[in-house]
Amino acid sequence: MELNFDKDLKFSMEITVENKDTANSYGSGDLDVFATPAMTALMENAARNCVLKGLPEGFTTVGMEISVKHIKATPIGVVVRAEALLEKVEGKKLFFKIEAYDDLGKIGEGLHSRYIVNAKDFMKKTVR
C-alpha cells in the first residue's frame, strides 16, 4: 500500500456546544460545560478526517492512543474548533498533534496516534 501524505497535513472542524456535549450529559462531571470526552472525540475526528481522502479505497484508520489535556471550560452555545496536524508517518501508524479552541483561545491539546486498516478485514476480526 503506497501512502503519499503531505508533511504537516492539517484538518480542522467545528461544532457549537449543545446540552448533549456537556460534562453533565456525558456523566463525566456535574456541570453544563463542554465535556472532556466530547472535546477528545472532536479532536480524534479531526485527525481521522485529516487523512481520510488520502487512503486507498476500502481502508480507514482506527484510534490507537490519545493523550489530552483539557485546559479551559467552554459554556453551551460557544463554537469549538478542533485542529489535527499529521506530524509523522511510520508505515501504517500515523501520529498527530491535536488542539481545540473556543472564542477565548486554546482549551485543549494533546497527541493522538491512528493505525491504517483494511475496513473489511478489521471488522472480520471483531466477530465473536
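Laboratory data are not the source of any read-out in this text; all were calculated from the coordinates shown. Values in this document were obtained by computation on a predicted structure and should not be read as measured data. When we count neighbours, we look across all protein chains shown, and the Cβ atoms used for this are built from the backbone with ideal geometry, even at glycine.
Listing for the model above:
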| quantity | calculated |
| --- | --- |
| Point-to-point label distance, residue 106-residue 128, nm (Cα→Cβ direction, 7 Å offset) | 4.0 |
| Region 115-126 - phi-based ³J(HN,Hα) in whole Hz, Karplus 6.51/-1.76/1.60, Gly and Pro as x | 10, 7, 9, 7, 4, 5, 4, 4, 5, 4, 6, 8 |
| Residue-by-residue Karplus 3J(HN,Hα) for region 31-44, coefficients 6.51, -1.76, 1.60, Hz, glycine and proline x | 10, 8, 10, 3, 6, 4, x, 5, 5, 4, 5, 5, 5, 5 |
| Computed label-point distance, nm, for sites residue 118 and residue 62 using a 7 Å Cα→Cβ extension | 1.4 |
| Ranked packing of 47-56, 22-31, most packed first, by mean Cβ within 10 Å | 47-56, 22-31 |
| Check: the chain dipole with +1 on Lys, Arg Cβ and -1 on Asp, Glu Cβ, in debye | 580 |
| Other-chain or far-sequence residues with amide H under 5 Å of residue 35's (modelled H) | 22, 23 |
| Farthest positive-ward along region 67-128 dipole, Cα basis, beta-carbon charges - from 122, 98, 73 | 122 |
| Net length gained if the chain between residue 76 and residue 12 were fully extended (0.36 nm per residue, minus Cα distance) | 21.0 nm |
| Helix-derived mean residue ellipticity, 222 nm - over the chain, DSSP H n ≥ 4, -39500 (n - 2.57), to 500 | -6000 deg cm²/dmol |
| Amide hydrogen neighbours beyond the local backbone of residue 70, cut-off 5 Å, H modeled | none |
| Volume of the Cα convex hull of region 54-128, divided per residue and given in Å³ | 143 |
